[in-house]
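Only the coordinates and a few stated rules stand behind these numbers; no lab work does. Fair warning: this is a prediction, and the values are worked out from it, not measured in the lab. So basically every Cβ, Gly included, is an ideal-geometry build from the backbone, and we count neighbours across all protein chains shown.
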Amino acid sequence: MRTAVGTTAIRHGQMFDGTGSPPVRDAVVVCVDGKITYAGPSTGAPITPPDATVIDARGGTILPGLIEAHFHATYFNVEALEDLDIKYPVEYVTLLAAVNAKLALECGYTAARSGGSLFNVDVWLKKAIESDLIPGPRMAASGREICGVGGLMDWNPDYRKIGMDGLVLLVNGPDEARAAVRKLVKDGIEWVKTYPTGDAASPDINDHHTLCMTFEEMHAVVATAHNHGLKVTGHCRATDGIKNALKAGYDAVEHATFIDDEGLELLLKRDVPVVPALYFEHASIVRGPEFGLSQRVIDGHQETLDGGAESARRILKAGGRLGMGGDYGFGWNPHGDYARELTFFVNYVGFTPSEVLKCATKTGAEILGRAHEIGTLAAGKLADVLIVDGDVLADISLLERRDRFIAVMQGGIVKSGQLGSSF
Ligand SMILES: [Zn+2]
């Protein structure tokens, strides 16, 4: 991805640097050739050359670009689960994914970790973004997801004879699990996304207390993935599914909804990050009825919301790491609403704005495996910066307001916001 040429100085704003430290009231961020050379109080700022570009933050907030830790580029605001794999051909879904990536960047998300995609779309989406062909977040790709036969994602009945190969590789036993990971290795992914457990969305046979993969399958996935330098994560709601994932050596856990004491201990022992994705549950409860979700499904989402919120609070309190991401891409939880996750964590789950922002920046970068480059505002990091008109720490919902974004920057280049767009 291109970076800016020359010097840019961002002035007249409070800076939240992503580490969770209190904001610096009158801060300056200086970027040279796309990298931050200074981020701190204006009093200690270096003198910038006369030809430097100066950006006025207008007394607002300067913070690291946000990071979506559970991004589904190919989920195109579907209204039913089965639409995810058969409604449109992959050609059209690829175009929709490019639109979703552009939207994510416009929403202040300068990086995203994929939580799975149709075919290998996210791998090539990442390549197109890195090559500056299309705008979007810096990405870590996952490609197709892995699930046990008969599990949550195996929803097409056999009489339809269409399989699930587009979105999910279905496995029976460790040999097939290994084979699935080897396919993904060739596809060029970075994160293997699996389905150790079911979900409230599928109450008949794969609800949120059901296991969808065996420990042996999960262990085979991890051993094969780690051998090739890939990381593994999984959709984990049921208590035993979470523990299986942690014992099998997973590098991250999605949701960790019903984590128990033993699970928490395992999690903390290896400092495994969790992405709760709770706003999705809330949106499913509140907006589900207009999309025909049954009362049973909605009750299940209420249970997973209550369990997930409690788990998120416990993990944070115990010193664990949480990423912010939200399973956006359903009709009731559409792309573009990403920052609602952050507001929800403040207003409903009870985190402070500073805690939530650290999860959405520094921890997000750690999950992507790019903490040395992005996620905080510090000398040496890429200048991925979001400048918001207003005090984000006093009102985190400002991050839902794209009209309040002065600039969304990647590598020192203004990509979106009031100051214009390079695309
Ligand atoms: Zn997901």
### Distance between modelled label sites at residue 317 and residue 287, nm, 7 Å Cα→Cβ extension
3.1
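Any idea what the relative contact order of the stretch 32-100 is, in percent, if you count C-alpha pairs under 8 Å spaced at least 6 apart?
Worked out over the stretch 32-100, it gives 25 percent.
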### Summary
Distance in Å, no decimals, from the C-alpha centre of the stretch 133-181 to the one of the stretch 381-408 is 36
## Note on the structure
Taking the dipole of the stretch 66-368 about the Cα centre (Lys, Arg +1; Asp, Glu -1; charges at Cβ), the one of 202, 279, 354 that reaches farthest to the positive side is 354
### Karplus (6.51, -1.76, 1.60) ³J(HN,Hα), θ = phi - 60°, over the stretch 38-50, in Hz, Gly and Pro reported as x
8, 8, x, x, 4, 5, x, 5, x, 6, 8, x, x
### Message
Can you tell me which lysines have their Cα less than 20 Å from the Cα of residue 231? Leave out same-chain residues fewer than eight positions away.
### Response
126, 127, 183, 186, 193, 243, 247, 269, 362
### Query
What's the extension gain from residue 261 to residue 183 if we count 0.36 nm per residue and subtract their Cα-Cα distance?
24.5 nm
### Message
For a Förster distance of 56 Å, can you work out the FRET efficiency between the beta-carbons of residue 160 and residue 43, rounded to the nearest 0.05?
### Response
0.25
### Query
Hey, got the dipole for the chain? About the Cα centre, +1 on K and R Cβ, -1 on D and E Cβ, debye to the nearest 20?
1180
### Task
Can you tell me which of 294-302, 11-19, 46-54 comes out highest on packing, and rank the rest after it, using the mean Cβ neighbours within 10 Å?
11-19, 294-302, 46-54
### Task
Along Cα→Cβ, 7 Å out, is where each label goes; now give me the distance between the ones at residue 91 and residue 77 in nm to one decimal.
2.4
#### Entry: Globularity index of the chain, i.e. its alpha-carbon radius of gyration over 2.2 N^0.38 Å
0.95
### Task
Return the whole-Å distance between the Cα centroid of the stretch 229-283 and the Cα centroid of the stretch 324-341.
20
### Message
On C-alpha positions alone, give me the angle between the axis of helix 121-130 and the longest principal axis of the chain, in degrees, nearest 10.
### Response
10
## Note on the structure
For the pair residue 21 and residue 228, the simple spin-label estimate (label points 7 Å beyond Cα toward Cβ) gives in nm 4.1
### Task
Compute the length gained on full extension between residue 352 and residue 56: take 0.36 nm times their separation in residues and subtract their Cα-Cα distance, giving the result in nm to one decimal.
103.9 nm
### Message
Cβ neighbours within 10 Å, averaged per peptide: list 181-194, 57-70, 141-154 in order, most packed at the top.
### Response
57-70, 141-154, 181-194
